[in-house]
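Accompanying notes for the structure given below.
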Amino acid sequence: MSGESRLALVRAAIARRNPARLPILFFNQDREESDIILIDVVRHFQGPGRDRSEWGFAWEHLDRTMGQPRAPLLRDWGALDRLPVPAARDSTRFAAVAETQGAFGERYYLASLVLSGFTIMSFLRGFSELLVDLVERPWEAERLADLVFGFEEEVLRQLPAHGFHGAAFYDDWGTQDSLILSPALWRERFRPRYRRQFELVHSLGLDVYFHTCGCVTDIIPDLIEAGVDMLNLSQPNLFDIEELGRRYAGRVCFVCPVSYQTTAISGTEEDIRREVGRLVRNLGRGGGGLIGYVEEYSSIGMSEANYRACIRAFRELGGYPPAGGTSAIGV
């Protein structure tokens, strides 16, 4: 391993300052290997069955994935004034942070909102209902957004006191081929809110990590301009990776897995290596602005062999030095 600390490696990748090797985020397994440690600071999986959010909705599980809210809480807008907003400054919210940091030592610590913004709004109101409301009753949707984004901002203000280096937002905006909303409506309703949140995070001395699934090509420049430092695109197969590299390498640090609805599930080891090579060559060329992402996804069919193949590909093609040696990122 490089003599550069894991924290320094991640910071170099974010700043596009040519890290000695590609940092890797291990999401849910082998976390001791991860350069980035995610710690949840919002409680969406509480109780004996881990099936209730602190927002009050319960999860329904039909398989081993996260599931879906059993029922929306806001069946009509009259219930909004009675919606119990979680206590952002609950004294126990960060109780496990110091223990986790003590266990993992020097790493880059990312405070995870788990699910955030529009996603939470849709869970509370109902997805289809919220889409209609954004057009027909925008004043009500704005009131709900004030509550959700306001809660998140109050949590964010507490992060520096707990040794975090960044804040992670998780808000899915894409279908398999386009944005959920028109780009114009997204820019009108949500871009100002993200800009405010990201400016708050930066004012606290922290970095912004933003996860989104689906094809979000239309709003990538908006997210970068609003202040995203790490952009987690979880489905690289939906993008023209060469074009992404030409347009955005050097402007943001990408965080990407091997596409986990396609290649990581059904691909061969050679397919996996080929995809990682494309990510490194194209997205990492702007000073090394790429972080590998690995998630164990047996719940949707990933084999142990493919999980391990993803790790090997990121390490072997991401500049991990041989024992006793040094290496630069490249393929």
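Bear in mind that the values in this text are calculations on the coordinates, not laboratory data. Everything numeric here is computed off the predicted structure, so don't read it as measured data. Reconstructed Cβ throughout: ideal geometry from the backbone, glycine too, with neighbour counts over all protein chains shown.
Axis angle, to the nearest 10 degrees, between helix 138-156 and the longest C-alpha principal axis of the chain: 50 degrees.
Rounded to the nearest 5, the antiparallel percentage of DSSP beta bridges internal to segment 1-159 is 45%. Assuming charge only on the beta carbon of Lys and Arg (+1) and of Asp and Glu (-1), the dipole of segment 1-156 about its Cα centre is about 340 debye to the nearest 20.
When only the Cβ of Lys, Arg, Asp and Glu is charged (+1, +1, -1, -1), the dipole of the chain relative to its Cα centre reaches about 680 debye.
From least to most packed, judged by other beta carbons within 10 angstrom and beginning with the fewest, Trp77, Trp186 follow the order Trp77, Trp186. Selection among Asn282, Tyr297, Thr212 by position relative to the dipole of the chain gives Asn282 as farthest towards the positive end (Cβ unit charges, Cα centre). Need the C-alpha centroid separation for segment 82-114 versus segment 1-74, integer Å. Here the answer is 12 Å between Cα centres.
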